[in-house]
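Okay, so here's the structure we're looking at.
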Amino acid sequence: MLGKTAGGLFWMFRYLERAENTARMIDAGLRISLTRSSAAESEWTSILQSTGLHGSYTAMHGAPDGPKIIDFLLRDPNNPGSIMAGIEAARENARVVRTALTREVWEAVNECYMVLKRVLAEPVADRDLPRVLQVVRQRSAFVRGASHGTMVRNDMYNFARIGTFFERADNTARILDQKYYILLPSVRLVGSPSDNVQWETILRATSTTRAYQTLHGGDIDPRVIAHFLILDGRLPRSLAFCYGKIGENLGYIAKEYGASKPCDALAEAICSKFRAHDMNAIFDYGLHEFIGDFLRDSTALGRQIEIDYRFSE
Amino acid sequence: MRLTVQHKTHYTYDAPVPYGLQQIRLRPKSRPGQQVEDWQIEVKGGQVEVSFEDEHANSVDLVSFHPGETRIEITCRGTVDVEDRAGVVGPQGGFVPLWLFERSTALTHPGPQIKAMVAAMSEGGAPVEQLHALSAHILQVVPYSTDQAASDLTAEDALSAGHAVCQDHAHVFITAARLMGYPARYVSGYLKMDDRVEQDASHAWAEAHVPDLGWVGFDVSNGYSPDARYVRVATGLDYRGAAPISGLRYGQAGEQMSVSLQVQQQ
Amino acid sequence: MVNKPLYFDEMFGHGTDARLPYEAYCKWFNGEDNARLLEKSEEAEALFRLIGVTFNVYGDPDATERLIPFDLVPRIIAAREWAKVAKGIEQRVRALNAFLHDIYHRQEIVRAGRLPAEMLARNEAFLPQMIGVTPPGDIYTHIVGTDLVRTGDDAFFVLEDNARTPSGVSYMLENRETMLHMFPELFSKIKVQSVSQYPNSLRKSLSACAPPACDGKPTLAVLTPGIHNSAYYEHAFLADQMGAELVEGHDLRVVDGRVAMRTTRGYKPIDVLYRRVDDDYLDPLTFNPDSMLGVPGIMDVYRAGGITIANAPGTGIADDKAIYSYMPDIVEFYTGEKAILQNVPTHRCSEPDALKYVLDNLAELVVKEVHGSGGYGMLVGPAASKKEIAAFRAKLEANPGNYIAQPTLALSTVPILTDAGLAPRHVDLRPFVLVSPDKIDITPGGLTRVALTAGSLVVNSSQGGGTKDTWVLEE
C-alpha cells in the first residue's frame, strides 16, 4: 500500500469522526441554550474551545452568540473546522484513496457529502437543526457501517480504524481538558445546580448520556463521569477504549508487516498508563496534568505513525 | 597532445537535503581526433543511479543525493589524447536529423539585436570564412569578461550586457549561425590554457555544421577553432542540453558551489 | 414525395424501418413506455453521481464535478460491420507504431520523400529526447483511441488518432455496467459482445511490455496528476480494476536505478507506469522544469531501461492534426497496403493553395488547431455566425500553419431518448485499442459520444456532449 494511501485512510476517517463529534457538540450547546439560557454563553465558549475554533470564531464574529456559532460550526465556508468542511475533506481523502475503498464505502462517503451539501446549502433554521445533526451522525455511521461490513481486514482497514479512534480520543480528551475543574473531587462538595448543567454538557457532547445511565444509573457523579470517559473499557468513546483499539490495530499492522515500529512503543506507553492508573491515582497526579500529558503523547504518536508508515515524504 | 584532467565540483548546503538528483554530462567519449585513455567519475555524498546515452550521444549519469546530505562532491579524473584537426569534428552521426540544430531554444531565441547583427554581416565567402568572421565580430561586440558574469543569460541578453563569458559567446554564435542557415550546437568541455594549470571553470564553445566538412568548432572567447588543447565532453542545442551538471532538489536548503579544475599536458 | 433525411441514421437508415442490427432492440423498445424509460434515465444519472463517474471542468469552480450525460438508447453495430472497422484500426495502429519507431530513429519516411521534414522539425510534439530510444517491446502507443465517424451504411472515416493518453474507456465500461443493471432482460434477448475484459487486457498488455530491469511479475502503476484532473475518476477506476497502485508524482522517486513508489513498507520499484500525465509535465529534470506533477529523473531511468512508460513520451507527434493528413501515406509506407479506413479529406492551411481554398469556403468547413484537442479553438463553419467566421478568419490568416480544415461531414445519427420519444442526434465513436508485442487488442465497440443538441456536430463532453453504450452484436 502507498504511504499516501495509509495517510489518506487515516485522515478520511479522522475527518468523518470529527464532523460527527462537532455535531454532538452543537447538540449539547443547543440543549443548554434551550433549557438553561443563563449558562448558554459560557457553554458555547467552552464548546468552541474544545473544538479549537474559539480564536477563529472570535476573530470573525466577536462575542459568542448561539445562532452564529451554530452556523459557524455547521457550514461557514470560512471555517475549515466546520462540519461541511470536514465532510468535504473526508471525501477529498476518499477520492485520493479511491482504489483502497470498496464501492460501498466510497458510495457512503459520496452520498454523505451530497446529502450534506444539499441540507447545508442554506443556513439551517432552528426547527430543522436536530434533524440536520441527526443526518450528520447517521451519514457518518453509514460510512462506518459500510467499512465494517465490506472492507478486507488488512492494513488498509487498520489505518482507517486508527484514524477513527485517534480523533475520537482526541475529542473526548479536549472536552475533558475544558471541563476538568468541574470533575475534580473537591467540586462535589459544592454541588451547585450549574455544575449539574456542565456535567450534563459533558455527557451530551460525547453522546454518552444513555450509556452513563445504563451503566451507572441516574445519579450524576463527577468522579464517575471522569472514570467513565477516561478509563471505562466498556465505553467506545473513553480514552482507554480508543487507545486499546489503536494499540490493537497498530499491532495487526506490525504483524502483517513482520516488523515493529517506534509508534508501537509510543502507543503501548499510552495504553499502559490507562492500565496502571485508577481514578484516585489520576486525581493524585492531577486530572488536568494527566489530560495534558495525554494530549501531548497522542500528538507525538500521530506524528510517529505518519513517519513510520510514510504518509508523506 | 596528451591531457590529464582533474575536475572537482563541490556543493555544500546550509541544511540537509531530503532528496536531490543531479544529471551529469561529464564523460568525454573517444571519437576521431580524441582518444579517451582513462576516465573515472567519483561521487561523494551520493550515488550513480543510472547511466545512459542521450540523443546527442552524450554519456549521462544520474546521481542521487544520500538522504539528508549536506555535501556532494563529484570528481572526474582522466587522460585524453587529442589531435589538432583545426576544429573539424566531422559529419553528423547517429539518428539526430540536422534540422534539429536549427531549432531555437529559450537560451538561443534570436532577438532584434542578434537579427540586426546577422543582417549587417557581409555576405559571400566560404562558409568557414563566414563563420570565422562571425566569431570575430561577436568577440568585438561583446568582449570576454568574467566580471558580473550572470548564469543562464539568453543570447540576446548577453548582447545587451555588452560583455560575455564563454557560455554567452557560444549562445550568441549558435543563435546567429542558425539565422545564417547553419545548424549549430553548444559544446561543453575542457581547455588547457597555455599559461596555467588551474583553470577557473570548464569551458564552452560552439560548433556549426558546414557542407562537406561537417561539424566545425568555433571558440569565440579565444578567437580560434579548437585544437589539441580542447577536450570535447558534451554537446546540445544550448547550455541546458550540454550542462556538465544540472540538478533538482527538494527542501529549502541554500546551495554553494565551488569548482577546482586542473588541465595539464602530460 | 417524402423528404429523405439528410443524414444516415444508424437505426433507421434513410427510411423508417429499423435496420437489421436494431431490429430486436426496436421490437423491445416499441413495447416499452416512454415515461418508464425516462424514469430509468434519471435512475441512471443518480447512479453515475453516486459512483462518482464525473469529470472536472476547467475554469468552472462552481461545477467542478460534472456528469457526462448518459443516453440509454444503445448504439448498435453488426458483427460484420465491426469486423471491417477493427481490421482497419489494427492496420492503422500498426502503422502508427512503425511510424513512431521510424521518426525517432532513421526517419526513412522523410528520406523517402513521403513526409516533409518540416512536419517534424516545427512540431512541438516531436521530442528530441526520444531520438534513438527503443521502448521495451518496441511499443510506443500501448493505448490508442481511434476516433471514427460514420456517414453511411459502409462509410467510416478516421477523424483523429489519439496516441497520447486517450481517455473515456471508463465511460465505456460504466455505460455497459449501467445498461446491464437497468435492462438485464435486453441482454438476454440480444447477444452483445462483452467489453468488461478491458481492464484485464490492459493489465496483460502493459505487463507484456515490462522493461529489461523487471524480474518476475511486473509491478504496474497508474500515474495521475491528482484528484483535480478532469479524468481523475478514470485514473482511479483503471488502477482499481487492474489491481495497480494509483500514484502521483510525489509518491515516486528514483531509488537504486529504478522509479519506485513510497509504500508503507518502503520504496517499491515500478516496472510499467501507465501515465496519464502529459509529456511536458512528466519529468522536470528533462522537460518542463516547473512541473510539480511529474517524476524527476524518470526519463533517465527510462532511457537506461529501468521502467516502461505507457504511452511512450513523444507519441503525440502521431496524433498531431497536421501529421494526420499524411496518414494514408504513412499507412501505405509502413504496411505496404492501402489504408482500409479512410481519412477525412484534410486541407493543410500551411500550404498556400489550401489556405486560399479554406479562406474562400470557411462557411462550409470545419477548421481545427493543429495541436488543439477537446473541441477547443475550432470553427464549425455551417454552425458559426458571420461574426464568428470573421474573427476566425483573422486568426487563421495570422497563423495559417496552425490550422487544418476539413469538409463538414454528414455525421451519422443515432436516436436518443427525449420527452417526446426518440430523436436523432449526431454521434462519433472512440474504439479503444491495446498494443503489445504479440497482439493488437481492440475492444468491440468503444465509447459513442453524442451531441445532445439537435443538429449539433460537436460531441465533446467538455462542450455538452453525452455518451451511449455501444453494442457490437455477436455473429
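The values are calculated or read from the model by the stated rules, or taken from the named source; none is laboratory data. Quick caveat: nothing in here was measured; it's all calculated off a predicted structure. So basically every Cβ, Gly included, is an ideal-geometry build from the backbone, and we count neighbours across all protein chains shown. Remember, those area values only see protein heavy atoms, side chains included, never the ligands or the DNA or RNA. Shrake-Rupley method; radii C 1.70, N 1.55, O 1.52, S 1.80 Å.
Taking the conditions exactly as written (in contact (Cβ under 8 Å) with a residue 24 or more places away in the chain and either part of a strand (DSSP E or B) or within 14 Å of chain C (Cβ to nearest Cβ) (or both)), does B:PHE52 satisfy them or not?
no
Might you let me know whether region C:91-100 holds any residue that is in a loop (DSSP other than H, G, I, E, B) and of a type in the set (Phe, Trp, Tyr)? Reasoning before the result, please.
The first filter runs over region C:91-100 and keeps only residues in a loop (DSSP other than H, G, I, E, B), leaving none.
Within region C:91-100, none of the residues are in a loop (DSSP other than H, G, I, E, B) and of a type in the set (Phe, Trp, Tyr).
Quick one: in region C:241-270, which of the residues that are open to solvent by less than 40 Å² (accessible area, probe 1.4 Å) and under 25 Å from the mean Cα position of the chain (by Cα) is nearest to the other protein chains (Cβ to nearest Cβ)?
Out of the qualifying residues, it is C:LEU246.
Among the residues that make up region C:389-410, is at least one of them on the phi > 0 side of the Ramachandran plot and in a strand (DSSP E or B)?
So far as region C:389-410 goes, no, none of its residues is on the phi > 0 side of the Ramachandran plot and in a strand (DSSP E or B).
Within region B:195-202, is even one residue within 14 Å of another protein chain (Cβ to nearest Cβ) and not in a strand (DSSP E or B)?
Looking through region B:195-202, none of the residues is within 14 Å of another protein chain (Cβ to nearest Cβ) and not in a strand (DSSP E or B).
Can you tell me which residue in region A:270-313 is nearest to the other protein chains (Cβ to nearest Cβ), limited to those that are within 16 Å of A:TYR180 (Cβ to Cβ), surrounded by fewer than 17 Cβ atoms within 10 Å (Cβ to Cβ) and touching a residue at least 60 places away in the same chain (Cβ under 8 Å)?
It comes out as A:LEU295.
Has region A:160-173 got any residue that is under 23 Å from C:THR263 (Cβ atoms) and of a type in the set (Asp, Glu)?
No; the residues of region A:160-173 include none that is under 23 Å from C:THR263 (Cβ atoms) and of a type in the set (Asp, Glu).
Would you confirm whether or not region C:161-181 contains a residue that is basic (Lys, Arg) and at pLDDT 95 or above?
Among the residues of region C:161-181, at least one is basic (Lys, Arg) and at pLDDT 95 or above, which makes the answer yes.
Restricting attention to region A:127-156, which residues are without any contact (Cβ under 8 Å) to a residue 40 or more places away in the chain, polar (S, T, N, Q) and closer than 27 Å to A:THR99 by Cα?
Listed by number, the list holds a single entry, A:GLN138.
Which of the numbered conditions does C:THR418 fail, given that it passes all the others? Conditions: (1) open to solvent by 40 Å² or more (accessible area, probe 1.4 Å); (2) over 22 Å from the mean Cα position of the chain (by Cα); (3) hydroxyl-bearing (Ser, Thr, Tyr).
Of everything listed in (1) open to solvent by 40 Å² or more (accessible area, probe 1.4 Å); (2) over 22 Å from the mean Cα position of the chain (by Cα); (3) hydroxyl-bearing (Ser, Thr, Tyr), C:THR418 misses just condition (1).
Can you report the number of residues in region A:34-71 which are in contact with a Ser or Thr (Cβ under 7 Å, 6 or more places away or on another chain) and among the aromatic types (Phe, Trp, Tyr)?
0
Which of the residues that make up region C:398-425 are in contact with a Leu (Cβ under 7 Å, 6 or more places away or on another chain) and closer than 17 Å to C:LEU379 by Cβ?
Listed by number, the residues that qualify are C:PRO400, C:TYR403, C:ALA405, C:GLN406, C:PRO407, C:THR408, C:LEU411.
Filter region C:193-209 down to the residues that are assigned to a loop (DSSP other than H, G, I, E, B), within 12 Å of C:SER436 (Cβ to Cβ) and open to solvent by 30 Å² or more (accessible area, probe 1.4 Å) and list them by number. I'd like the intermediate steps shown before the answer.
Step one: list which residues in region C:193-209 are assigned to a loop (DSSP other than H, G, I, E, B), which gives C:193-197, C:208-209.
From what is left, the residues that are within 12 Å of C:SER436 (Cβ to Cβ) are C:208-209.
Across region C:193-209, the qualifying residue is only C:ALA208.
Show the residue pairs that are 6+ apart or on different chains and have beta-carbon atoms under 7 Å apart, the first residue being within region A:46-57 and on the phi > 0 side of the Ramachandran plot, the second being of a type in the set (A, V, I, L, M) and in a helix (DSSP H, G or I).
Filtered contacts from region A:46-57: no entries.
For (1) open to solvent by 30 Å² or more (accessible area, probe 1.4 Å); (2) over 30 Å from A:PRO67 (Cα atoms); (3) acidic (Asp, Glu); (4) within 14 Å of chain C (Cβ to nearest Cβ), each residue gets a yes or a no:
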site: A:GLU107; (1), (2), (3), (4): yes, yes, yes, yes
site: A:VAL115; (1), (2), (3), (4): no, no, no, yes
site: A:ARG127; (1), (2), (3), (4): yes, no, no, no
site: A:ARG137; (1), (2), (3), (4): yes, no, no, no
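Test of understanding: among C:ASP290, C:ASP283, which residue is open to solvent by less than 10 Å² (accessible area, probe 1.4 Å), out of contact with any strand residue (DSSP E or B) (no Cβ under 9 Å at 6 or more places or on another chain) and more than 9 Å from chain B (Cβ to nearest Cβ)? Working first, answer last.
Working: C:ASP290 fails: open to solvent by less than 10 Å² (accessible area, probe 1.4 Å).
From the options C:ASP290, C:ASP283, the qualifying one is C:ASP283.
Exactly one of (1) part of a helix (DSSP H, G or I); (2) touching a helix residue (DSSP H, G or I) at 6+ places or on another chain (Cβ under 8 Å); (3) within 27 Å of C:VAL93 (Cα to Cα) is unmet by C:SER350. Its number?
Every condition holds for C:SER350 apart from (1).
Please enumerate the residues belonging to region B:107-116 that are in contact (Cβ under 8 Å) with a residue 60 or more places away in the chain and open to solvent by less than 70 Å² (accessible area, probe 1.4 Å).
The answer is B:LEU107, B:THR108, B:PRO110, B:ILE114.
Residues that are open to solvent by 30 Å² or more (accessible area, probe 1.4 Å) and within 14 Å of chain B (Cβ to nearest Cβ): does region C:130-150 have at least one?
yes
Which one of the conditions (1) among the acidic types (Asp, Glu); (2) in contact with a strand residue (DSSP E or B) (Cβ under 6 Å, 6 or more places away or on another chain); (3) within 24 Å of C:ASN123 (Cα to Cα) does B:GLU73 fail to meet, given that it meets all the rest?
With respect to (1) among the acidic types (Asp, Glu); (2) in contact with a strand residue (DSSP E or B) (Cβ under 6 Å, 6 or more places away or on another chain); (3) within 24 Å of C:ASN123 (Cα to Cα), B:GLU73 is out only on (3).
Going by the conditions given, is C:THR64 open to solvent by 30 Å² or more (accessible area, probe 1.4 Å), touching a strand residue (DSSP E or B) at 6+ places or on another chain (Cβ under 6 Å) and at pLDDT below 95?
yes
Report every pair of residues separated by at least 6 positions or lying on different chains whose Cβ atoms are under 6 Å apart, first residue within region C:301-318 and more than 10 Å from chain B (Cβ to nearest Cβ) and in a strand (DSSP E or B), second open to solvent by 10 Å² or more (accessible area, probe 1.4 Å) and of a type outside the set (Phe, Trp, Tyr).
Correct list of pairs: C:THR308/C:PRO136.
C:VAL295 is checked against (1) open to solvent by 20 Å² or more (accessible area, probe 1.4 Å); (2) within 14 Å of chain A (Cβ to nearest Cβ); (3) not in a strand (DSSP E or B) and fails just one. What number does that condition carry?
The failed condition is (1).
If a residue must be over 26 Å from the mean Cα position of the chain (by Cα) and without any contact (Cβ under 8 Å) to a residue 40 or more places away in the chain, how many such residues does region C:337-356 contain?
4
Those residues that are within 19 Å of the chain's Cα centre (by Cα) and open to solvent by 60 Å² or more (accessible area, probe 1.4 Å), I need them from region A:139-151; list them, please.
If the condition is that a residue be within 19 Å of the chain's Cα centre (by Cα) and open to solvent by 60 Å² or more (accessible area, probe 1.4 Å), then A:PHE142, A:ARG144, A:HIS148 are the ones that fit.
Out of all the residues in region B:124-136, is one or more open to solvent by less than 60 Å² (accessible area, probe 1.4 Å), in a helix (DSSP H, G or I) and in contact with a Ser or Thr (Cβ under 7 Å, 6 or more places away or on another chain)?
no
Since B:PHE218 meets every condition but one in (1) in contact with a Lys or Arg (Cβ under 8 Å, 6 or more places away or on another chain); (2) at pLDDT 95 or above; (3) more than 14 Å from chain C (Cβ to nearest Cβ), which condition does it not meet?
(1)
Tally the residues that are more than 14 Å from chain C (Cβ to nearest Cβ) and in a loop (DSSP other than H, G, I, E, B), restricting the search to region B:221-266.
Total meeting the criteria: 13.
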